[in-house]
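Here's the structure, in structure tokens; my notes come after.
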Amino acid sequence: MTYIATTQLVRTLPSMLLCFLSLEFSFPFPILAQSPPVEENSPALQEKSVDVFARVIANQKHMEANLDLYERIQKVEIRKAGSDQHPAETRVLRLFPAGPALTKIPLSPVGNPISPESYRNELEKLAKYLAWASQSGSSQHDAYAKLERKRRDRNDLIVSTHDAFLFTRVGEEMRDKRKLARYRMIPNPKFKPTNRNAMIFSKISGFVWLDEEAGELARIEGTVTEDISLAMFLARVYKGSHFMQERYQLAPGVWLPTYEQYDFDGRKFLLSFSIHERTFYTGYKRVGPPAEALAVVRSELDKLAAK
């Protein structure tokens with residue numbers, strides 16, 4: 001299939017892993033590592049920006065950890081063209097963290113259970129998995145070890161992008177009652193990629209908005225400035241493809257994604273693809289690690305049984 005899975009991308013922002021095609025080849029879109037160039041910034045502002053970017057990087061890891069503790073509703077609107085006002089298809093999922101896995105329960109387009117029976121069956125399967133994930137054993141150890149390797153790879157990716165981009169502070173904007181600093185993001189010409197994924201960094205530019213007081217990424221927009229070849233040239237993402245994400249503070253010290261948009265054109269093998277998605281995240285609720293989450297699911301099952 002040519003559908004681009006965005007979940008991995010969100011988990012790795014600001015490394016911005018925008019996906020694997022069905023070949024499972026991923027390419028990262030990094031941010032938040034390099035201080036602004038000196039031409040347009042005073043020494044005091046440079047020092048402040050370096051400190052802010054260091055905090056944002058640390059908070060990125062905190063956000064990823066929170067995504068393993070918070071359930072949410074994901075609504076994906078799929079359009080045939082980015083300019084379409086109405087989606088051709090809408091997919092709604094309840095995303096529930098379950099230790100080494102993320103359970104995805106299909107919902108109706110308006111966010112309700114598709115049917116009481118199917119919804120209850122999904123919850124029962126989730127409860128069984130959470131019970132398993134709460135135990136210790138060789139299979140659990142292997143599953144968590146695999147998860148930890150993925151986390152380590154994401155962190156390594158963030159570190160590898162430290163010199164990939166230059167950031168220039170270009171202004172300030174108000175969003176609600178919070179002040180956001182806007183930075184232009186361009187590839188660093190001195191950056192020397194050490195692997196195939198890192199070579200893509202030179203083909204991305206855009207803007208980031210930081211809440212400097214909180215040390216958080218509030219928004220990112222990026223554009224592909226040159227065609228990106230993937231999978232030994234078997235796939236290509238075309239110049240002009242675009243992505244963005246917004247994050248909001250949903251609880252004290254908890255910033256999480258609320259909206260994403262992807263407009264990609266390219267080809268895979270000899271077939272062209274065009275992917276235009278808008279994704280909304282709502283209904284965040286902390287469910288905790290598997291043992292705590294199991295209690296949440298069992299309580300919901302008890303309520304369903306009492307009806």
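Criterion first (surrounded by fewer than 13 Cβ atoms within 10 Å (Cβ to Cβ), modelled with pLDDT under 95 and part of a helix (DSSP H, G or I)) does Arg149 satisfy it?
In short, yes.
When each of Pro109, Pro87 is tested for being in a loop (DSSP other than H, G, I, E, B) and closer than 22 Å to Tyr284 by Cα, the lone residue that passes is Pro109. Here Leu294 fulfils each of the conditions (1) within 22 Å of Phe167 (Cα to Cα); (2) touching a residue at least 12 places away in the same chain (Cβ under 8 Å) apart from (1). Looking at the range 270-303, which of its residues are among the β-branched types (Val, Ile, Thr), surrounded by 18 or more Cβ atoms within 10 Å (Cβ to Cβ) and farther than 28 Å from Gln140 by Cβ? Correct list: Ile275, Thr279.
Within the range 165-190, the set of residues being closer than 16 Å to Gly215 by Cβ and crowded, with 18+ Cβ neighbours inside 10 Å comprises Phe167, Arg169, Leu180, Ala181, Tyr183. Considering only residues that are surrounded by fewer than 21 Cβ atoms within 10 Å (Cβ to Cβ), in contact (Cβ under 8 Å) with a residue 24 or more places away in the chain and within 19 Å of Ile78 (Cα to Cα), which ones fall in the range 243-259? Residues satisfying the conditions are Met244, Glu246, Thr258.
Residue-level analysis places Thr223 among those that are polar (S, T, N, Q) and either farther than 20 Å from Thr282 by Cα or not in a strand (DSSP E or B) (or both). All of Phe273, Phe201, Phe264 fail the test of being of a type in the set (Phe, Trp, Tyr) and in contact with a Gly (Cβ under 9 Å, 6 or more places away or on another chain), apart from Phe273. Selection within the range 203-233: residues that are over 16 Å from Val170 (Cα atoms) and of a type in the set (Val, Ile, Thr). The member of this set that is surrounded by the most Cβ atoms within 10 Å (Cβ to Cβ) is Ile204. Scanning the range 282-296 for residues that are β-branched (Val, Ile, Thr) and not in a strand (DSSP E or B), we see that the one that is nearest to Glu64 (Cα to Cα) is Val287.
The values are calculated or read from the model by the stated rules, or taken from the named source; none is laboratory data. These numbers come from a predicted model, not from an experiment. Because the Cβ atoms are built from the backbone with ideal geometry, glycine has one as well, and the counts that use them run over all protein chains shown.
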